[in-house]
1. Take segment 35-77 and flag every residue that is among the small types (Gly, Ala, Ser) and outside any helix (DSSP H, G or I).
2. State whether one or more residues within segment 55-74 are closer than 17 Å to ALA7 by Cα and in contact (Cβ under 8 Å) with a residue 24 or more places away in the chain.
3. Restricting segment 81-125 to residues that are farther than 24 Å from ASN71 by Cα, in contact with a strand residue (DSSP E or B) (Cβ under 9 Å, 6 or more places away or on another chain) and not in a helix (DSSP H, G or I), which is modelled with the highest pLDDT?
Amino acid sequence: MANFRGAHVLVVEDEDSLRSFLRRILERGGYTVTEASNGREALERCSAGTYHLVVTDLDMPEMGGLEMIRNWLLVNPAQCFLVITGRPDRAPADWPWLGKPFQVAQLLDRVEILITKTASPTVLD
């Protein structure tokens, strides 16, 4: 399997402690991480960089995860997302999701699978 260490992940989460926790987990997993505290902030980052994966919460102030995804896809229809939600009944059918609470290994496995499916190893070498 290709080495995807250094892949760029955007974490979109309004809870400061969970956003910091996700950042630490992903950085320890070898990923480069940028943070946004809501969907509007994430969309501002959309034009500022390229991300191999966007990990987003659903329920956030200013702009929620689903609205952010819909708007992002207008600019970059190939973007890959992982939705994290405490409400599995609201999990989107169109995108991979992970229910809260989750195990660290579950998150890292899901991130690796999604990045492997969407990125070319030469992009990260």
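1. Going residue by residue through segment 35-77, those that are among the small types (Gly, Ala, Ser) are 36-37, 39, 42, 47-49, 64-65.
Result: ALA36, SER37, SER47, ALA48, GLY49, GLY64.
2. Filtering segment 55-74 for residues closer than 17 Å to ALA7 by Cα gives 55-56.
Within this subset, residues satisfying the condition of being in contact (Cβ under 8 Å) with a residue 24 or more places away in the chain are 55-56.
Within segment 55-74, one or more residues are closer than 17 Å to ALA7 by Cα and in contact (Cβ under 8 Å) with a residue 24 or more places away in the chain.
3. PHE102
The values are calculated or read from the model by the stated rules, or taken from the named source; none is laboratory data. A quick note: this is a predicted structure, and the numbers were derived from the prediction, not measured. FYI the Cβ positions are ideal-geometry reconstructions off the backbone, even for glycines, and counts take in every protein chain you see.
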